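J.: Sending over a structure as structure tokens; questions will come in a sec.
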Amino acid sequence: MNRSAAFEVKGWCPGALRPMQSGDGLIVRVRPQSATFSPDELGVLADAARQLGNGHIDLTRRANLQIRGVSDASLPELHDVIARLGLLDGNADSEAVRNIMINPLAGIDPTEVLDIRPIGRALAQLLVSDESAWALPSKFGFIVDGGGVLSLAQQRADVRLAAMAHGPAIAIGIETHGRMEWLGSTSPGAAAAAAIEIGLAFIKVASREKRQRMRDLSDDGLASIRSAMRSRLDKLHENPRKADKADASLNRIGLIELGAGRFAVGIAAPFGRFETDQLRKLADIMAAHGVEEIRLSPWRALYAGISSQTSGQSILDAAGRNGLITDPRDPLLQIEACPGAPGCQSTALDTRGDGRRLAALLPRCSVAGTVHVSGCAKGCAKSGRADLVLVGSDGRYGIVRNGTAQDQPARRFSFAELAAEPGKIFDIDEGGRHE
């Protein structure tokens with residue numbers, strides 16, 4: 001049973017110019033170009049979060065940064081800060097549709113098929129300049145994937161552009177009913193314009209069907225998208241997935257050896273939440289080691305190319321001392337958790353506190369998969385499936401295996417009951433039923 005209808009799921013994401021009200025004030029989302037900040041920009045935003053918000057900074061699944069606890073009174077000053085950094089869009093409508101994810105190590109990773117940053121920049125420029133594209137729903141998203149060590153092959157998007165191994169060519173696909181359907185290919189120089197054409201075709205169909213995402217279109221609607229692009233794209237002669245050489249078991253956190261004498265670091269914070277002092281200190285230590293760009297990612301982690309293994313280890317040591325996650329074996333990396341109470345008005349549960357307590361139980365229970373702790377059935381922290389889901393309602397958690405927060409759990413427990421008898425978590429089969 002899917003319970004999404006019982007909850008008010010917002011059909012839009014916050015921005016800087018159109019912030020969202022939450023239990024702890026306004027959420028202001030900053031969307032940097034190519035998901036990239038300089039250390040100075042990140043430090044300035046960290047200071048602004050302390051002075052103009054409540055000091056909480058979240059990294060999002062869409063590779064953006066959110067400043068929380070902003071008030072109506074402090075919002076104009078925060079806009080001034082963001083504008084001085086060159087990160088404020090011209091208007092809220094164009095900002096809302098600039099939802100593009102690219103590989104966090106694009107242009108750094110020697111194993112990537114193609115440096116796709118120029119395509120990402122061209123797509124962003126078209127979304128901003130073409131006012132007809134502003135009718136796209138604000139959750140409609142694009143992925144531009146150049147392959148390599150940190151491929152985005154497992155991330156969801158309405159429109160996907162993927163570099164092909166035997167290029168130069170870009171495969172273009174759409175998400176349909178739970179799978180990626182490849183429509184064809186085009187040259188790198190034409191890829192951004194083709195993606196926009198798909199977006200405009202979606203707008204026409206979605207206006208008739210009243211849909212927000214590509215995957216929700218009817219079969220007839222998807223057929224219209226295919227028809228619109230048939231003459232625009234070349235026929236595919238290979239599976240674009242062959243270009244993806246990423247090892248699913250690769251550790252994304254810690255020191256990452258890229259080959260050809262290159263290294264990068266990946267640093268996370270529990271549940272993607274940085275406090276302002278943590279972020280400021282991290283930006284400073286990276287700047288001290290010559291880092292020029294800090295990249296955001298859909299894994300709520302920060303990445304940077306570094307000059308040497310020694311420099312990388314020094315950055316990781318400093319980050320670890322500052323309470324950040326630098327060990328790929330940290331069980332907190334298995335857990336996605338929404339802000340919970342008191343930051344969110346949809347739950348009374350301390351989801352992130354419970355997430356930390358659950359992390360301490362996972363090694364004892366030999367849990368190897370993904371875990372989602374959600375304060376309610378909206379599932380804001382993770383829309384896709386997780387191996388284990390704790391979904392809150394009336395101060396208790398329902399347990400779902402291999403499902404989402406919107407699935408119906410069989411039974412509910414207080415967290416104290418779960419902590420006392422963690423085996424209760426694992427005697428429930430897929431879909432929430434007891435085995």
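The values are calculated or read from the model by the stated rules, or taken from the named source; none is laboratory data. Here the structure is a predicted model, which is why all the values come from computation and not from measurement. All Cβ positions, even for glycine, are placed from backbone atoms using ideal geometry, and neighbour counts span all protein chains on display. Ligands, DNA and RNA are stripped out before the accessible areas are found, and what is left, the full protein with its side chains, is counted by its heavy atoms. Shrake-Rupley method; radii C 1.70, N 1.55, O 1.52, S 1.80 Å.
J.: Step by step: first the residues of the stretch 372-413, then only those that are assigned to a strand (DSSP E or B) and under 16 Å from the mean Cα position of the chain (by Cα), then the one that is surrounded by the most Cβ atoms within 10 Å (Cβ to Cβ). Which residue is that? Before the answer, list the steps.
T.: Step one: of the stretch 372-413, the residues assigned to a strand (DSSP E or B) are 372-374, 386-393, 396-403, 407, 412-413.
With under 16 Å from the mean Cα position of the chain (by Cα) added as a condition, the list becomes 372, 386.
On the way: H372: 27, A386: 24.
Ranking the candidates gives H372 first.
J.: Have a look at R321, R385, R352 and point out the one that is in contact with a helix residue (DSSP H, G or I) (Cβ under 7 Å, 6 or more places away or on another chain) and closer than 29 Å to P104 by Cα.
T.: On the way: R321 fails: in contact with a helix residue (DSSP H, G or I) (Cβ under 7 Å, 6 or more places away or on another chain); R385 fails: in contact with a helix residue (DSSP H, G or I) (Cβ under 7 Å, 6 or more places away or on another chain).
From the options R321, R385, R352, the qualifying one is R352.
J.: Here's another thing I want to ask about it. Checking S151 against (1) open to solvent by 10 Å² or more (accessible area, probe 1.4 Å); (2) at pLDDT 95 or above, which test does it fail?
T.: Status for S151: all satisfied but (2).
J.: Only one of (1) part of a loop (DSSP other than H, G, I, E, B); (2) open to solvent by 10 Å² or more (accessible area, probe 1.4 Å); (3) touching a helix residue (DSSP H, G or I) at 6+ places or on another chain (Cβ under 7 Å) is not met by I108, so which one is it?
T.: (3)
J.: Are any residues in the stretch 161-180 open to solvent by 10 Å² or more (accessible area, probe 1.4 Å) and either over 26 Å from I203 (Cβ atoms) or under 15 Å from the mean Cα position of the chain (by Cα) (or both), and if so, which ones?
T.: Hits for the stretch 161-180 are M164, A165, H166, G167, P168, A169.
J.: Considering only the stretch 295-340, state which residues are closer than 16 Å to G254 by Cβ, within 22 Å of the chain's Cα centre (by Cα) and hydrophobic (A, V, I, L, M, F, W, C).
T.: W299, A301, L302, A304, A319, L324, I325, L332, L333 - these are the residues of the stretch 295-340 that are closer than 16 Å to G254 by Cβ, within 22 Å of the chain's Cα centre (by Cα) and hydrophobic (A, V, I, L, M, F, W, C).
J.: Kindly indicate whether any position in the stretch 357-368 is of a type outside the set (F, W, Y), at pLDDT below 85 and surrounded by 16 or more Cβ atoms within 10 Å (Cβ to Cβ).
T.: Yes, the conditions are met somewhere in the stretch 357-368.
J.: Moving on. Suppose we keep only residues that are touching a strand residue (DSSP E or B) at 6+ places or on another chain (Cβ under 6 Å) and open to solvent by 10 Å² or more (accessible area, probe 1.4 Å) within the stretch 15-33. Which one would you say is modelled with the lowest pLDDT?
T.: The extreme case among them is D24.
J.: Right, another one. Mind checking which pairs have a first residue in the stretch 194-209 that is touching a residue at least 60 places away in the same chain (Cβ under 8 Å) and farther than 14 Å from A223 by Cβ and a second that is assigned to a helix (DSSP H, G or I) and open to solvent by 50 Å² or more (accessible area, probe 1.4 Å), Cβ under 7 Å, 6 or more apart or different chains?
T.: I196/L126; L200/S132; I203/A135
J.: Determine, yes or no, whether G369 is assigned to a loop (DSSP other than H, G, I, E, B), within 28 Å of S414 (Cα to Cα) and free of Cβ contacts under 8 Å to residues at least 40 places away in the same chain. Give the derivation first.
T.: On the way: assigned to a loop (DSSP other than H, G, I, E, B): yes; within 28 Å of S414 (Cα to Cα): yes; free of Cβ contacts under 8 Å to residues at least 40 places away in the same chain: yes.
For G369, the condition - assigned to a loop (DSSP other than H, G, I, E, B), within 28 Å of S414 (Cα to Cα) and free of Cβ contacts under 8 Å to residues at least 40 places away in the same chain - is met.
J.: Which condition number in (1) open to solvent by 30 Å² or more (accessible area, probe 1.4 Å); (2) modelled with pLDDT of 95 or more; (3) in a loop (DSSP other than H, G, I, E, B) is the one that R61 fails?
T.: The one condition R61 does not meet is (2).
J.: Between a residue in the stretch 85-110 that is under 17 Å from Y303 (Cα atoms) and any residue that is acidic (D, E), which pairs come within a Cβ distance under 7 Å, given they are 6 or more apart or on different chains?
T.: N103/E112; N103/D145; A106/E112; A106/D115; G107/D115
J.: Suppose the filter is small (G, A, S) and exposed (fewer than 13 other Cβ atoms within 10 Å of the Cβ); does S224 pass it?
T.: Against the criterion (small (G, A, S) and exposed (fewer than 13 other Cβ atoms within 10 Å of the Cβ)), S224 does not qualify.
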